[in-house]
Every structure is written in structure tokens, then in C-alpha cells.
1. List the number of the failed condition for I37; all other conditions in (1) loosely packed, with under 14 Cβ neighbours inside 10 Å; (2) in contact (Cβ under 8 Å) with a residue 60 or more places away in the chain hold.
2. Determine if the range 44-61 includes at least one residue that is surrounded by 14 or more Cβ atoms within 10 Å (Cβ to Cβ) and among the hydroxyl-bearing types (S, T, Y).
3. Quick one: count up the residues across the range 49-79 that are over 19 Å from A96 (Cβ atoms) and small (G, A, S).
Amino acid sequence: MKKMILTGTLIIVSLGFTSASWAFSCPGHFKASQATIDSATTAMKAMTDKGKAGLVHTLLDDAKMLLNSAKHHHEKPAAGGYDHARALAKADSAKAYAEAAEVLAKR
């Protein structure tokens with residue numbers, strides 16, 4: 001019985017540390033995403049083909065929306081580790097959208 005209680009306690013504690021580590025890695029993902037968004041915004045301002053500007057702007061808007069949503073999940077995690085995992089996924093998606101916008105702006 002004591003072994004079961006000890007094992008259960010260790011599992012709960014280790015799960016708590018896992019979600020805490022996700023929480024600590026979120027800000028790094030947010031900074032990387034924001035830096036990519038800023039870089040893509042700069043590339044958009046330097047565009048010579050204004051016909052594609054709307055497409056680049058749409059990609060950047062999506063990136064900003066995803067990043068704001070990721071920050072919301074990080075700051076108000078209703079489901080703990082699940083919301084932190086969603087925050088990481090959305091931050092990485094925001095970075096990918098911004099990278100796509102930057103590539104399109106530079107073509």
C-alpha cells in the first residue's frame with residue numbers, strides 16, 4: 001500500500017514538473033516568433049511588387065493572431081499542461097506563417 005501511494009505521488013509530482021517546464025519554454029518560443037514577425041514586417045515594407053502585399057499582410061495577420069492566442073493560453077492555462085502544449089504549437093505555427101510571409105515578400 002505504501003509503495004502504491006509513493007508511486008502515485010511521484011507520478012503526480014513528475015507530471016507537475018513536466019507542465020512547469022513547458023511553461024518556462026513558452027517565452028523563448030514567443031520571442032522567436034515575434035522576431036520572425038518583425039523581420040517579415042520589415043521585408044514587407046521593402047517590397048517592390050505591391051500586388052503581393054495583400055497576401056504577405058494576410059500571412060502576417062495570421063501569424064500575429066496565432067502568437068496572441070499562444071500568449072493567452074500561456075497566461076491563462078485552463079487545462080494546465082495541455083494549454084501550454086497548445087501555446088507552444090501556436091507560437092511555432094506563428095513563426096512558420098511569418099517565415100512564409102518573409103519568403104513571399106522577398107520574391
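None of the figures in this text is laboratory data; all of them are computed from the coordinates on show. Every value quoted in this text rests on a predicted model; they were computed, and no experiment measured them. When we count neighbours, we look across all protein chains shown, and the Cβ atoms used for this are built from the backbone with ideal geometry, even at glycine.
1. (1)
2. For the range 44-61, residues surrounded by 14 or more Cβ atoms within 10 Å (Cβ to Cβ) and among the hydroxyl-bearing types (S, T, Y): absent.
3. 5
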